[in-house]
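Read through the structure below, which is laid out as structure tokens, and then see the notes.
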């Protein structure tokens, strides 16, 4: 089991609310990622980070923002949630010194915006 | 751009039979690929990887084959078990060690 955690697991929220999805890992990994996944579909990278104070946008444009103040923590924020943000959000981390590309995933947060 | 795609969205197999899941990729410069398994309600889990200097790699009950000529990957699962039921993704690793996932194949094992 990978030591990467996401909270909440499920979230139903109204349009216009600000939300933060939490992701933490205890493996000391430098690189962390956020993916968006619609049911039965592929994962799309929306943000990643090489380490503290590093944030990069992924290949799928997203209205969300991320921060990386601590190595183990990589929260994702939506300032004003909309129904189009309804999706599953998966956080992952990797150790650059380990098997290249092998990413450890959290269980995901399923977000529904009403 | 990079794209990774799977030939079939669903696959049903009898328990004990072998399963073959296929994947096509478009970037001929790609040199590293990974197969992930995603069970319902969970994040993807690493199964096996392969580099472009290899044609075949074996793990426990799984084998990945790489055909660079036609840009095709396959994942073979021997003696498929009910616990193998999941969605399987192939992913291409780019220069920044980021993953590009293809559309998953849902494997259903019939007891």
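The values are calculated or read from the model by the stated rules, or taken from the named source; none is laboratory data. Keep in mind it's a predicted model, so treat the numbers as computed, not measured. Note: ideal-geometry Cβ built from the backbone for every residue, glycine included; neighbour counts use all protein chains shown.
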Residue in segment B:7-30 that is within 28 Å of residue A:51 (Cβ to Cβ) and surrounded by 13 or more Cβ atoms within 10 Å (Cβ to Cβ) present: yes
Scanning for something in contact with a strand residue (DSSP E or B) (Cβ under 8 Å, 6 or more places away or on another chain) and more than 11 Å from every other protein chain (Cβ to nearest Cβ), does segment B:91-103 turn up at least one residue? no
Evaluation of residue B:57 against (1) away from chain A (no Cβ under 11 Å); (2) in contact (Cβ under 8 Å) with a residue 12 or more places away in the chain; (3) part of a strand (DSSP E or B) (one fails), failing number: (2)
Candidates B:77, B:34, B:110, filtered to the one that is within 26 Å of residue A:92 (Cα to Cα) and more than 9 Å from every other protein chain (Cβ to nearest Cβ): B:77
Here is a list: B:16, B:41, B:83. Which entry is part of a loop (DSSP other than H, G, I, E, B) and either in contact with a helix residue (DSSP H, G or I) (Cβ under 8 Å, 6 or more places away or on another chain) or more than 17 Å from residue A:42 (Cα to Cα) (or both)? B:16
Name the single residue that is surrounded by the fewest Cβ atoms within 10 Å (Cβ to Cβ) among those in segment B:43-85 being at pLDDT 95 or above and on the phi > 0 side of the Ramachandran plot. B:79
Tell me, which strands (runs of 3 or more DSSP E) wholly within segment A:39-114 include 1 or more residues that are within 8 Å of another protein chain (Cβ to nearest Cβ), in contact with a strand residue (DSSP E or B) (Cβ under 7 Å, 6 or more places away or on another chain) and within 27 Å of residue B:102 (Cβ to Cβ)? A:43-49, A:87-94
